[in-house]
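One structure is given here, and the rest of the page talks about it.
Please treat every number below as a calculation from the coordinates, not as lab data. Quantities reported herein were computed from a predicted structural model and do not represent experimental measurements. FYI the Cβ positions are ideal-geometry reconstructions off the backbone, even for glycines, and counts take in every protein chain you see.
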Amino acid sequence: MEVRSKVRDYAVHWADDAEFVGRLDATPNRLTVVDANVWKHHGQGVLAGVDRATLKVFPVSEERKTLDGVCELYDLLMQRAAKKNVTLVCYGGGILQDVAGFAASTLYRGVSWIFAPTTLLAQADSCIGGKTSLNYQSFKNLLGTFYPPTAVYIHTPFLATQSETDYFSGIGEVIKLHILGGPEKTDQLAQMLPALTRRDPAALTAAVGNSLAVKLAYIMEDEFDRGRRNLLNYGHCFGHALETVSRFEIPHGQAVTSGMILANLVAVHRGRLARPTFDSLWQRLLLPGLRVVPRREQLAPAPMIAAMGNDKKRTGAGLALVLPNEPLSLEKIDDLAPAEVERALAAFAELCEEKSALFKTP
Ligand SMILES: NC(=O)c1ccc[n+]([C@@H]2O[C@H](COP(=O)([O-])OP(=O)(O)OC[C@H]3O[C@@H](n4cnc5c(N)ncnc54)[C@H](O)[C@@H]3O)[C@@H](O)[C@H]2O)c1
Ligand SMILES: [Zn+2]
């Protein structure tokens, strides 16, 4: 897959076996940075051949997705003899992608970087699009640049060792991209979701491939997030607020899953989405995809409305939301009323209770 970008065009390669690691390790003037958990699980496996002399094992956390984390990489990169010609080779999830991408985009006004994503979220979604984001003070993803990698290598066997919660965070973005892809992609995902939750290799390849193809269509039209790309924010308006209110206890893609359900409820209440369409999405995708169910206190209206009002993507006076319309097309609105938020949260709290009752062991 070729991605065209105003910064640089780049290719996404499918790396079925371990051979790609040797290829990346032959990159001249490289610094290889590996997420510490990825190293723990794969350092003796697919990454065993990585040259230790140019390796940095990097512990990740949201607290290290900051300028301090970036400075650590600057220091290591500046120690290399080659300056502008250095290449950062990076194995990790969205956090390492953000730190490495930001460092690569700013050091010497931009050096090469190659990304091998190791989480479902990073493989299916964040590895293309070129965004890099850092947390600043208490604000998530406040600083950032547009700077795509020089190349992306997707090796799905990395995903076997992800924790269930992190894996399901990725499933949330996969569901979002299939819904954005239209009814055919949505049906296809509904059929393969049981296999995908078992991390079946064929289902993974299909789900990652479909997700990237849908995202590619959106970003090619609007690389810098001015119009159509906004629709990729489906589930994120409520989702970001839930992340904030839960103090990041709910992982990103799971907050997005809740966010899609809430946006769908608003659409039903506005008469934009038919109830059978809502029910079909809930039963076939969103109910099985929701693993981190928000607690009732996390759905209290006042903090949610306050957090939605602070969303950095907001441009007008009202609250913004990406809303599904019948038959499943998306639209951005900016006149969402607090009373609508309250009603959707109450309806969602009921659904969450039903879901919890469904899964309670007798
Ligand atoms: N730049 C973008 O376009 C973009 C888009 C979406 C999200 N993000 C950011 O990505 C981050 C979330 O990323 P994520 O969900 O990919 O996970 P992550 O990078 O937060 O990693 C989650 C956990 O999984 C571990 N891990 C990573 N790969 C593993 C593997 N193969 N086996 C075992 N453990 C592994 C990590 O060490 C970490 O503990 C957030 O900070 C979010 O803001 C960025
Ligand atoms: Zn997201």
ask   = Of all DSSP beta bridges located in the chain, what percent are antiparallel, nearest 5?
value = 40 percent
task = Enumerate the calculated ³J(HN,Hα) couplings along region 84-91 in order (Karplus 6.51 cos²θ - 1.76 cosθ + 1.60, θ = phi - 60°), each rounded to whole Hz, writing x wherever the residue is Gly or Pro.
result = 4, 8, 6, 10, 9, 9, 10, 10
request  = Identify the GluC sites (Glu not before Pro) of region 186-252 meeting these criteria: DSSP loop state and at most 14 other C-beta atoms within 10 Å of the C-beta.
outcome  = Glu249
key: Cα centre as origin, Lys/Arg/Asp/Glu Cβ charges: region 164-246 dipole, Debye   = 80 debye
request  = Please work out the FRET efficiency for the pair Asp187 and Cys71, using the Cβ-Cβ distance as r and a Förster radius of 41 Å; give the result to the nearest 0.05.
outcome  = 0.30
task = List Leu330, Leu143 from most exposed to least, where exposure is judged by having the fewest other Cβ atoms within 10 Å.
result = Leu143, Leu330
task = Please arrange Cys237, Cys352, Cys71 by counting, for each residue, the other beta carbons lying within 10 Å of its beta carbon, fewest first.
result = Cys71, Cys352, Cys237
inquiry  = Suppose the chain between Arg343 and Arg270 were pulled fully straight at 0.36 nm per residue; how much longer would it get relative to their current alpha carbon spacing?
reply    = 25.2 nm
query = What size of dipole, in debye to the nearest 20, comes out for the chain about its Cα centre when the only charges are +1 on Lys and Arg C-beta atoms and -1 on Asp and Glu C-beta atoms?
reply = 560 debye
note = Expected sort for Lys185, Lys355, Lys65, Lys176 with the fewest Cβ neighbours (10 Å cutoff) up front is Lys355, Lys185, Lys65, Lys176
query = Just the Cα atoms of region 188-255: what Rg and Dmax do they give in Å?
reply = 14.7, 37
remark   = At R0 = 45 Å the Cβ-Cβ FRET efficiency linking Ser329 and Asn29, nearest 0.05, sits at 0.40
remark   = Toy charge model, Lys and Arg Cβ at +1, Asp and Glu Cβ at -1: region 236-362 dipole around Cα centroid in debye, rounded to 20, equals 220 debye
